[in-house]
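A.B. asks: Pasting in a structure now, in structure tokens, and then I'll have a few things to ask.
The values are calculated or read from the model by the stated rules, or taken from the named source; none is laboratory data. All values derive from a computational prediction rather than experimental measurement. Cβ placement follows ideal geometry from the backbone for every residue including glycine, while neighbour counts extend to all protein chains displayed. Only protein heavy atoms, including side chains, enter the accessible area calculation; ligands, DNA and RNA are left aside. Shrake-Rupley method; radii C 1.70, N 1.55, O 1.52, S 1.80 Å.
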Amino acid sequence: MSTTKPSLAEDIRTDERWQLVQRIVCSRPFQKSVRLRELLEYITEQTIVGHAQELTEHHIGSAVFHKPSDYSSLEDSSVRVHARQLRLKLHEYFDEEGRNDPVVLTIPRGCYTPIFKPRAKASTLIAENTLSSSTLTSWRRQAVLAWTLCGMLVLVCALLLLVYPLGRRSIASAEANVIPPWPFSQVFDSRHQTVVVVADSNYGMFRILTSQPGSLNQYLRREFLQMSPILKGSPGDARLSDYISSSTLTSFADVADVVTLLNMAGPLQKTVSVRYPRDLGMRDLDHENYIFIGSPASNPWVSLFQNRLNFRESESVVGNSVKCFVNSNPLPGEQARYEGLRWTGSQGEDYATIALLPNATHDGTVLALQGLQQEGTEAAGRFLADQENRRQLKVALRLSPSLETFPESIWFEALIRSRTVAGAPNSTTLVTVRRIR
């Protein structure tokens with residue numbers, strides 16, 4: 001099976017299905033996502049030339065996403081994530097710019113083959129409705145009672161056809177008007193997709209094993225494993241190195257936070273997707289809303305925002321010292337350093353920061369949940385999920401505690417302390433806040 005994208009066959013350029021796809025990829029919903037355009041064009045081309053049976057998740061990962069031929073689709077969900085986003089974008093296109101297109105393109109869940117079908121026309125629906133009337137007329141000649149009963153049935157059906165769409169629209173309108181509680185109202189909205197980026201536990205383990213600080217640049221260029229002689233000794237070390245570099249693992253704390261975030265999103269869950277940090281590119285962050293879970297030690301994307309924060313993670317010797325948050329500008333009564341647990345799973349106090357700030361283009365919002373250890377990261381999600389904690393946060397930021405939306409965006413940073421027992425946060429306390437200007 002080939003894993004490289006073949007050249008475009010000349011004879012498909014005149015195909016109506018290909019021309020429809022070209023209109024779609026040039027539309028507004030697809031302007032900001034090159035990867036979704038490439039995915040849609042590729043699966044369409046393969047379908048038109050008769051290779052639809054080859055459109056498996058693994059094949060698409062190799063051909064479109066340039067994954068190695070031996071990559072595991074069980075551990076790497078990037079194809080599934082992009083397919084879900086593609087379905088949402090197609091739905092948006094056919095609801096807006098393509099609402100008058102005679103042919104509709106869909107990608108059924110569970111497969112990657114595009115389906116092209118004619119849009120139902122009003123004349124067809126009218127013909128179907130009048131068919132019942134003509135049939136009932138013939139029955140009336142045979143039995144007056146049958147005609148009366150069927151006429152009543154037609155009337156009831158007509159009323160249902162009238163009321164049901166109105167009810168559906170009312171429900172959809174009600175869902176659209178549901179606003180998540182603040183600060184989630186700034187990161188979940190109907191105008192943006194919200195991407196939750198979980199931590200890369202393998203990256204965190206590698207830093208500990210090699211005592212190397214790492215950087216986002218090394219992470220993106222996949223140079224991190226090549227820099228350490230520690231994992232290049234025995235065959236066992238080589239297998240460990242291969243596993244760390246190719247598998248996709250995250251922590252229980254991240255999973256717990258994802259569940260919390262989806263619950264807080266409410267009806268806007270359909271706009272939320274979860275991504276692994278290795279699947280992101282720099283340009284992805286220019287638009288949409290992003291939620292980053294984990295500190296720079298396990299989610300290097302968070303390092304992009306560190307220079308805008310007052311509380312910054314510090315670790316003197318990677319993997320062999322207590323991590324802390326350094327208070328860049330202490331206020332009266334505050335500490336200069338807030339030290340957390342030595343290791344995850346131990347008992348004591350850990351710290352986390354919650355930061356809400358605009359992205360670089362001010363076309364989206366970034367929410368960062370950073371814990372010194374996993375307990376702190378989980379505590380950050382629990383803190384925001386509690387109504388009383390959110391009220392205290394608004395009071396500390398001098399906001400009205402009764403409001404869930406505000407005339408302008410509120411950017412802030414909060415430091416919280418958690419009491420942990422047996423690897424789980426037991427309680428959370430707001431320590432201090434900062435407004436981000």
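A.B. asks: Restricting to the stretch 330-346, give me the number of residues that are open to solvent by less than 50 Å² (accessible area, probe 1.4 Å) and on the phi < 0 side of the Ramachandran plot.
C.D. replies: 5
A.B. asks: Answer yes or no as to whether Val395 is of a type in the set (Val, Ile, Thr), buried (at least 19 other Cβ atoms within 10 Å of the Cβ) and either without any contact (Cβ under 8 Å) to a residue 24 or more places away in the chain or touching a Phe, Trp or Tyr at 6+ places or on another chain (Cβ under 6 Å) (or both).
C.D. replies: Criteria not met by Val395.
A.B. asks: Please go through (1) open to solvent by less than 20 Å² (accessible area, probe 1.4 Å); (2) closer than 24 Å to Ser427 by Cα for Glu349 and return the number of the only condition it doesn't satisfy.
C.D. replies: Evaluating Glu349 over (1) open to solvent by less than 20 Å² (accessible area, probe 1.4 Å); (2) closer than 24 Å to Ser427 by Cα leaves (1) as the failure.
A.B. asks: Quick test of your reading of the structure: Ala414 fulfils all but one of (1) in a strand (DSSP E or B); (2) surrounded by fewer than 19 Cβ atoms within 10 Å (Cβ to Cβ); (3) in contact with a helix residue (DSSP H, G or I) (Cβ under 8 Å, 6 or more places away or on another chain). Name the failing condition by number.
C.D. replies: (2)
A.B. asks: Could you tell me whether Thr250 is in a loop (DSSP other than H, G, I, E, B), in contact (Cβ under 8 Å) with a residue 60 or more places away in the chain and crowded, with 18+ Cβ neighbours inside 10 Å? Give the steps one after another, and end with the answer.
C.D. replies: Numbers: in a loop (DSSP other than H, G, I, E, B): yes; in contact (Cβ under 8 Å) with a residue 60 or more places away in the chain: no; crowded, with 18+ Cβ neighbours inside 10 Å: yes.
Criteria not met by Thr250.
A.B. asks: Condition test on His66, is it of a type outside the set (Gly, Ala, Ser), within 26 Å of the chain's Cα centre (by Cα) and either exposed (fewer than 13 other Cβ atoms within 10 Å of the Cβ) or not in a helix (DSSP H, G or I) (or both)? It would help to see each step written out before you state the result.
C.D. replies: Working: of a type outside the set (Gly, Ala, Ser): yes; within 26 Å of the chain's Cα centre (by Cα): yes; either exposed (fewer than 13 other Cβ atoms within 10 Å of the Cβ) or not in a helix (DSSP H, G or I) (or both): yes.
So His66 passes the test.
A.B. asks: Out of the stretch 285-329, which residues are at positive phi and assigned to a strand (DSSP E or B)?
C.D. replies: Going residue by residue through the stretch 285-329, those that are at positive phi are 288, 294, 319.
Once the filter is applied, which keeps residues that are at positive phi and assigned to a strand (DSSP E or B), the stretch 285-329 yields nothing.
A.B. asks: Among the residues of the stretch 69-100, write down those that are open to solvent by 50 Å² or more (accessible area, probe 1.4 Å), free of Cβ contacts under 8 Å to residues at least 60 places away in the same chain and outside any helix (DSSP H, G or I).
C.D. replies: Asp70, Leu74, Arg99, Asn100
A.B. asks: What's the total number of residues in the stretch 293-326 that are open to solvent by less than 50 Å² (accessible area, probe 1.4 Å), polar (S, T, N, Q), farther than 16 Å from Leu216 by Cα and in contact (Cβ under 8 Å) with a residue 60 or more places away in the chain?
C.D. replies: 1
A.B. asks: Now, a different point. Quick one: in the stretch 216-240, which of the residues that are assigned to a helix (DSSP H, G or I) and at pLDDT below 65 is surrounded by the fewest Cβ atoms within 10 Å (Cβ to Cβ)? Reasoning before the result, please.
C.D. replies: Start the filter on the stretch 216-240 by keeping residues that are assigned to a helix (DSSP H, G or I), which leaves 216-220, 225-227, 235-240.
Checking the rest, the ones that are also at pLDDT below 65 come to 225-227, 235-238.
On the way: Leu225: 17, Gln226: 12, Met227: 12, Pro235: 7, Gly236: 9, Asp237: 14, Ala238: 12.
Applying the filter and picking the extreme gives Pro235.
A.B. asks: Ok, one more. Can we say Val81 is modelled with pLDDT of 90 or more, among the aliphatic types (A, V, I, L, M) and either on the phi < 0 side of the Ramachandran plot or under 22 Å from the mean Cα position of the chain (by Cα) (or both)?
C.D. replies: Judged against the criteria, Val81 is not a match.
A.B. asks: Cβ-Cβ distance below 7 Å, separation of 6 or more or different chains: which pairs start in the stretch 191-210 with a residue that is under 18 Å from Asp76 (Cβ atoms) and end on one that is part of a strand (DSSP E or B) and open to solvent by 20 Å² or more (accessible area, probe 1.4 Å)?
C.D. replies: Val196/Val274; Val198/Val274
A.B. asks: Return only the number of the condition from (1) small (Gly, Ala, Ser); (2) closer than 15 Å to Phe252 by Cβ; (3) touching a Lys or Arg at 6+ places or on another chain (Cβ under 7 Å) that Gly340 does not satisfy.
C.D. replies: In the conditions (1) small (Gly, Ala, Ser); (2) closer than 15 Å to Phe252 by Cβ; (3) touching a Lys or Arg at 6+ places or on another chain (Cβ under 7 Å), Gly340 misses (2) alone.
A.B. asks: Same structure again: In this structure, is Thr260 hydroxyl-bearing (Ser, Thr, Tyr) and part of a helix (DSSP H, G or I)?
C.D. replies: Considered against the rule, which asks whether it is hydroxyl-bearing (Ser, Thr, Tyr) and part of a helix (DSSP H, G or I), Thr260 comes out as yes.
A.B. asks: On to the next question. Would you confirm whether any residue within the stretch 318-336 is polar (S, T, N, Q), more than 30 Å from Arg191 (Cβ to Cβ) and at pLDDT below 90?
C.D. replies: Looking through the stretch 318-336, at least one residue is polar (S, T, N, Q), more than 30 Å from Arg191 (Cβ to Cβ) and at pLDDT below 90.
A.B. asks: Looking for whichever is touching a residue at least 40 places away in the same chain (Cβ under 8 Å), under 21 Å from Val259 (Cα atoms) and out of contact with any Lys or Arg (no Cβ under 7 Å at 6 or more places or on another chain) here; the options are Phe406, Phe383. Which one fits?
C.D. replies: From the options Phe406, Phe383, the qualifying one is Phe383.
A.B. asks: Now a separate question. Tell me, which residue of the stretch 1-36 that is under 21 Å from Asp101 (Cβ atoms), open to solvent by 90 Å² or more (accessible area, probe 1.4 Å) and of a type outside the set (D, E, K, R) is modelled with the lowest pLDDT?
C.D. replies: The first filter runs over the stretch 1-36 and keeps only residues under 21 Å from Asp101 (Cβ atoms), leaving 12-31, 33, 36.
From the residues that got through so far, the ones that are open to solvent by 90 Å² or more (accessible area, probe 1.4 Å) too are 13-14, 16, 23, 26, 28, 31.
Those still in the list that are of a type outside the set (D, E, K, R) too: 14, 26, 31.
Numbers: Thr14: 87, Cys26: 92, Gln31: 84.
Ranking the candidates gives Gln31 first.
A.B. asks: Out of (1) within 18 Å of Phe305 (Cβ to Cβ); (2) free of Cβ contacts under 8 Å to residues at least 60 places away in the same chain; (3) open to solvent by 40 Å² or more (accessible area, probe 1.4 Å); (4) among the small types (Gly, Ala, Ser), what's the single condition that is false for Gly376?
C.D. replies: Unmet for Gly376, out of (1) within 18 Å of Phe305 (Cβ to Cβ); (2) free of Cβ contacts under 8 Å to residues at least 60 places away in the same chain; (3) open to solvent by 40 Å² or more (accessible area, probe 1.4 Å); (4) among the small types (Gly, Ala, Ser): (3).
A.B. asks: Please find, among Gly371, Gly423, Gly364, the residue that is surrounded by fewer than 19 Cβ atoms within 10 Å (Cβ to Cβ), touching a residue at least 60 places away in the same chain (Cβ under 8 Å), within 24 Å of Val197 (Cα to Cα) and out of contact with any Cys (no Cβ under 6 Å at 6 or more places or on another chain).
C.D. replies: Sole residue among the options that is surrounded by fewer than 19 Cβ atoms within 10 Å (Cβ to Cβ), touching a residue at least 60 places away in the same chain (Cβ under 8 Å), within 24 Å of Val197 (Cα to Cα) and out of contact with any Cys (no Cβ under 6 Å at 6 or more places or on another chain): Gly423.
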